[in-house]
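Asker: Take a look at the following structure, please.
Derivation of every value follows stated rules applied to the coordinates shown; laboratory data play no part. If you're wondering where the values come from, they're calculated on a predicted model, not measured in any experiment. Here Cβ is always computed from backbone atoms with ideal geometry, including for glycine, and neighbour counts include all displayed protein chains.
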2 protein chains.
Amino acid sequence: MSKPATIRDVAAAAGISIAVVSRVLNDGSGPVAPATRQRVMKAIEELSYRPRTAARELKSGPTTTLGLLLADVTNPFFARLADSIVREARSRGVHVILMTTQEDARLEEDALDTLAARRVGGVIATPTSTNAESWLRLIDLGTNIVFVDRYVEGVSRADLVSIDNDRSAREATEHLLDLGHTRIGFISGPLSTTTGRARTEGHLATLAERGVATDPQLLRNIPFRGDQGADATGSLLNLPTPPTAIIVANTAQVAASVRRIRQSSVRVPEDLSLIVFDDNPWTELFTPSLTIMRQPTTLMAAHSVDLALQRIGDDSERRTIVIEAEFVVRSSTRTAG
Amino acid sequence: MSKPATIRDVAAAAGISIAVVSRVLNDGSGPVAPATRQRVMKAIEELSYRPRTAARELKSGPTTTLGLLLADVTNPFFARLADSIVREARSRGVHVILMTTQEDARLEEDALDTLAARRVGGVIATPTSTNAESWLRLIDLGTNIVFVDRYVEGVSRADLVSIDNDRSAREATEHLLDLGHTRIGFISGPLSTTTGRARTEGHLATLAERGVATDPQLLRNIPFRGDQGADATGSLLNLPTPPTAIIVANTAQVAASVRRIRQSSVRVPEDLSLIVFDDNPWTELFTPSLTIMRQPTTLMAAHSVDLALQRIGDDSERRTIVIEAEFVVRSSTRTAG
DNA sequence: CCCCCCAGTGTAATCGATTCCACTTTGTTC
DNA sequence: GAACAAAGTGGAATCGATTACACTGGGGGG
């Protein structure tokens, strides 16, 4: 009800100056007599005083807050990433401001503005836009950026944590080739995103190396948001010569794709082998349990936070941390019939 | 690289005083000559100046930031809630700081402290602790609280947005009774949480009203986090006289429960009817597609943000908004026997 | 022709912390 | 016993914005 106490109120209550109170607050910033410290602590307790972050940040820029800019928390991959990052950050005494872009470049720009105004210590982001300019502006302000999963070309002086998208696409493709499949449907993200492009290239390169003909009809690069996963899958199944296997390398579209397959008369894995890029409990619950490519989110989170906090004050070039994706073979893939 | 521009730099560049620059920044706070405004805008652009939030908040308390304190973003229900709330808040020009408690009372206390230090305008939360004190302290500081889904008893002067837990449990129970089931397993949250208690009571009351004997063995109140969902489900299935139907009213434990059922030899819905409290795409993908109780997250989000922002400056008693849950009958429930 | 009002601008106080520096009071060391 | 170091404390500047208030000119009403 009454106005919150300030440092001056505490000082008055303890019969001491505000400088000393501040020293008690920031332990180690100067000497304080034990008796005085006691009195100050008591006053703080009684007034239930909490130093105001806004005032603190005004003096010394905040190393204490990280911005987390995700495309979409609804996507379980990002949700787990968010969870891990928040936990990881807290264990280091750092707070996280979460913002989402909904895969919309304008909203992203908005969010970056906010983060810039807040002068956060660092930003961990899965970028949406291809527009390097807004990122560079933020970097110029002294913010350090860590891209996770995807990145923006042209923005050096930003770190990167990612799985090896190229390699994971290769691995999935090789698995199917080994099983004798040659007509493989491949659903991935837009070629404008780094993940979409790298995975598609890895897939195509593997086919080429194995001397398997590539059919452009089998390739689907679709957006992360929206419902095109169902359509893309449906059109693959309805091809004159349909694929005998499908890789869904667009994490956000896995559910829509699987739903579409389930509604069709196609049986998995008898008629169709299926690999999805997703790390989600339900892939195991599905009938048949799905073969997946898993991205180790906890590890990615730890590295991201590390980089975001380390780089402060540093000015070196981009550092890239590549994390192995884990390929889990379950029951949705089998020898081509 | 160079230090970010301040309002003084802008004023100097435009050949004007800082007061006028501030007026340009906060449109409507005072008269500015059109020509002057132009020059100021130009200077802002050239210096890529962004007013610093910390400084702004120091003067006038921030109506512009909301705290969101969730138990667990990994839980899809909370993830969708977070997504909707962030979106909803942004459309009102408000930012959201997300923090998670991992269902841990100490972490929650921590988070509340941070939020208090930040003097956020409001907090939307799914409380974990039963400890009213920390909440009351935050309220005393002038923060207004909106509880979602669960609430803490003894904290009036905080709003509440929730589905009718009692009623939804009744509805699910009645559906099964109508199908002829009389031995119904009921898995819910801890009785220390309001949702766990209300759902359990609703379930028991319905049984009583219909004259069905209640067997304590069929009741399982388990934590939200952790793995007890599997054990609870397993022990229900292994009872001497196992239930012919199960309601999983603990959203966080749905996946674990379903996995356990799937690993057993029990067939759904032939041997066991199943209702889960969850609103998640995969419940439709599961074989058989699951009958669910859905909580309309978008609506809950809209109301929460509304309340959080409205109450500012208001001092009335708690307002409660109850939202209808949506019961979706699919293929996992059928006539008993 | 005088006065009042208002558009347009500037000065300075203010928000709540941190921190540099100066000052006093002890205790230590030749 | 003089000199000096270190502990403990306080005064005041500072961070970057907002805003109350004072000031100046010029136009319009009386």
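Asker: By per-residue mean of other Cβ atoms within 10 Å, what is the highest-first order of A:233-240, A:197-204, A:177-184? Intermediate values should be presented prior to the final figure.
Answerer: On the way: A:233-240: 15.5, A:197-204: 21.6, A:177-184: 17.8.
Top to bottom by mean Cβ count within 10 Å: A:197-204, A:177-184, A:233-240.
Asker: What is the antiparallel percent of DSSP beta bridges lying wholly in the protein assembly as shown, to the nearest 5? Walk me through the numbers on the way to the answer.
Answerer: On the way: 6 of 76 bridges.
Taking every DSSP beta bridge with both residues in the protein assembly as shown, the antiparallel ones total about 10 percent.
Asker: Now, a different point. At q = 0.18, 0.31 Å⁻¹, what log₁₀ I(q)/I(0) does segment A:7-51 have when each alpha carbon counts as one equal point scatterer in the Debye sum?
Answerer: For segment A:7-51 at q = 0.18, 0.31 Å⁻¹, log10 I(q)/I(0) is -0.40, -1.23.
Asker: Relative contact order for segment A:165-295 using alpha-carbon pairs under 8 Å, separation at least 6, rounded to a whole percent? Intermediate results must be reported in sequence, preceding the final value.
Answerer: Details: 208 pairs, mean separation 32.0, N = 131.
Once normalised by length, the contact order is 24 percent.
Asker: Continuing with this model, one more query. Please work out the FRET efficiency for the pair residue A:157 and residue B:266, using the Cβ-Cβ distance as r and a Förster radius of 41 Å; give the result to the nearest 0.05. Mind dumping the intermediate values first?
Answerer: On the way: r = 57 Å, r/R0 = 1.40.
For R0 = 41 Å, the calculated efficiency reads 0.10.
Asker: Still on this structure, please answer the following. For chain B, build the charge dipole from Cβ charges (+1 Lys, Arg; -1 Asp, Glu) around the Cα centre, then report which of B:212, B:282, B:19 sits farthest towards its positive end.
Answerer: Result: B:19, furthest along the dipole toward the positive end.
Asker: What percent do you get for the relative contact order of segment B:121-198 when only Cα pairs under 8 Å and 6+ apart count?
Answerer: Details: 84 pairs, mean separation 21.2, N = 78.
Contact order relative to length: 27 percent.
Asker: Please report the equivalent ellipsoid semi-axes of the protein assembly as shown, computed as sqrt(5 x eigenvalue) of the Cα gyration tensor, largest first, in whole Å. Please list the in-between numbers first.
Answerer: Values: eigenvalues 416, 261, 88 Å².
Values for the protein assembly as shown, descending: 46, 36, 21 Å.
Asker: A follow-up question, please. For residue B:164, which sequence-distant residues (separation of 5 or more, or a different chain) have an amide H within less than 5 Å of its own amide H, given hydrogens modelled in the peptide plane?
Answerer: Here the answer is B:323, B:325, since their amide H atoms fall under 5 Å of that of residue B:164.
Asker: Normalised by the number of residues in segment A:7-51, what is the relative contact order in percent for Cα pairs under 8 Å and 6+ residues apart?
Answerer: Values: 34 pairs, mean separation 18.5, N = 45.
Relative contact order of segment A:7-51: 41 percent.
Asker: Of all DSSP beta bridges in segment A:246-337, what percent run antiparallel (nearest 5)? Can you show the working numbers first?
Answerer: Working: 3 of 9 bridges.
DSSP beta bridges in segment A:246-337 are roughly 35 percent antiparallel.
Asker: Could you identify which residue out of B:255, B:55, B:230 has the top mean-square fluctuation in a GNM of chain B using Cα springs shorter than 10 Å?
Answerer: B:55
Asker: Return the Rg/Rh ratio of segment B:165-295 with Cα-based radii and a Kirkwood Rh.
Answerer: On the way: Rg = 13.2 Å, Rh = 14.4 Å.
Rounded to two decimals, Rg/Rh equals 0.92.
Asker: How would you rank B:324, A:103, B:109, going from fewest to most other Cβ atoms within 10 Å of each one's own Cβ?
Answerer: Numbers: B:324 13, A:103 20, B:109 17.
Final ranking by Cβ density, sparse to dense: B:324, B:109, A:103.
Asker: So what's the back-of-envelope 222 nm ellipticity for the protein assembly as shown, counting only DSSP H runs of four-plus at -39500 (n - 2.57) apiece and dividing by all residues, rounded to 500? Show your work: numbers first, answer last.
Answerer: Numbers: 26 runs with 286 residues, N = 674.
Dividing the helical sum by the residues of the protein assembly as shown leaves -13000 deg cm²/dmol.
Asker: Provide the net charge surrounding residue B:301, with neighbours chosen by a C-beta distance below 9 Å and charges set as Lys +1, Arg +1, Asp -1, Glu -1.
Answerer: On the way: positive: B:80, B:87; negative: B:83, B:88.
Combined, the nearby Lys, Arg, Asp and Glu give 0.
Asker: Okay, moving on. Once you charge only the Cβ atoms, +1 for Lys and Arg and -1 for Asp and Glu, what is the size of the charge dipole of the protein assembly as shown about its Cα centre, to the nearest 20 debye? Walk me through the numbers before you get to the answer.
Answerer: Working: 76 positive and 80 negative charges, 315 e Å.
Its charge dipole is roughly 1520 debye.
Asker: Now a separate question. Within a 10 angstrom radius of the beta carbon, how do B:88, A:284, B:45 rank from fewest other beta carbons to most? Before the final figure, lay out each step's value.
Answerer: Numbers: B:88 21, A:284 15, B:45 10.
So the residues, fewest neighbours to most, are B:45, A:284, B:88.
Asker: Between residue B:179 and residue A:284, what is the FRET efficiency for a Förster distance of 35 Å, r being their Cβ-Cβ separation, to the nearest 0.05? Numbers along the way, then the final one.
Answerer: On the way: r = 29 Å, r/R0 = 0.83.
The formula returns an efficiency of 0.75 here.
Asker: List the lysines whose Cα sits under 17 Å from the Cα of residue A:3, skipping any in the same chain fewer than 8 residues away.
Answerer: B:59
Asker: Give, rounded to the nearest 20 debye, the magnitude of the charge dipole that segment B:165-295 has about its Cα centre when Lys and Arg contribute +1 at Cβ and Asp and Glu contribute -1 at Cβ. Don't skip to the answer; put the middle values down first.
Answerer: On the way: 13 positive and 14 negative charges, 50 e Å.
Roughly 240 debye for segment B:165-295.
Asker: Which one of A:28, A:122, A:61 has the biggest mean-square fluctuation once chain A is modelled by GNM with Cα springs under 10 Å?
Answerer: Looking only at A:28, A:122, A:61, the largest GNM fluctuation is found for A:28.
Asker: Placing unit charges on C-beta atoms (Lys and Arg positive, Asp and Glu negative, everything else neutral), compute the dipole magnitude of chain B about its Cα centre in debye, rounded to 20. Working shown, then result.
Answerer: Working: 38 positive and 40 negative charges, 254 e Å.
Result for chain B is approximately 1220 debye, rounded to the nearest 20.
Asker: Also: If you take the beta carbon distance between residue B:55 and residue A:241 as r and set R0 to 60 Å, what does 1/(1 + (r/R0)^6) give as a FRET efficiency, to the nearest 0.05?
Answerer: Details: r = 65 Å, r/R0 = 1.09.
Taking R0 as 60 Å, the efficiency between residue B:55 and residue A:241 is 0.40.
Asker: Have a look at B:81, B:67, B:48 and report the one farthest towards the positive end of the charge dipole of segment B:42-88, computed about the Cα centre with Cβ charges (Lys/Arg +1, Asp/Glu -1).
Answerer: B:48
Asker: Evaluate Rg over Rh across chain B, taking Cα atoms for both radii and Kirkwood's formula for Rh. Kindly include the intermediate steps, with their values, before the conclusion.
Answerer: Numbers: Rg = 25.5 Å, Rh = 22.5 Å.
Dividing the radius of gyration by the Kirkwood radius yields 1.13.
Asker: Sticking with this one: For labels at residue A:192 and residue B:42 in the simple 7 Å Cα→Cβ model, what's the distance in nm?
Answerer: Placing both labels 7 Å along Cα→Cβ, they lie 3.4 nm apart.
Asker: If the label point is 7 Å along Cα→Cβ of residue B:299, which residues in segment B:158-192 have backbone nitrogen under 19 Å from it?
Answerer: Only B:160-173 pass the distance filter.
Asker: Residues with beta-carbon under 12 Å from that of residue B:233, excluding residue B:233: net charge, scoring Lys, Arg +1 and Asp, Glu -1? Working shown, then result.
Answerer: Numbers: positive: B:220, B:259, B:260, B:262; negative: B:227, B:231.
That sum, taken over residues with Cβ under 12 Å, equals +2.
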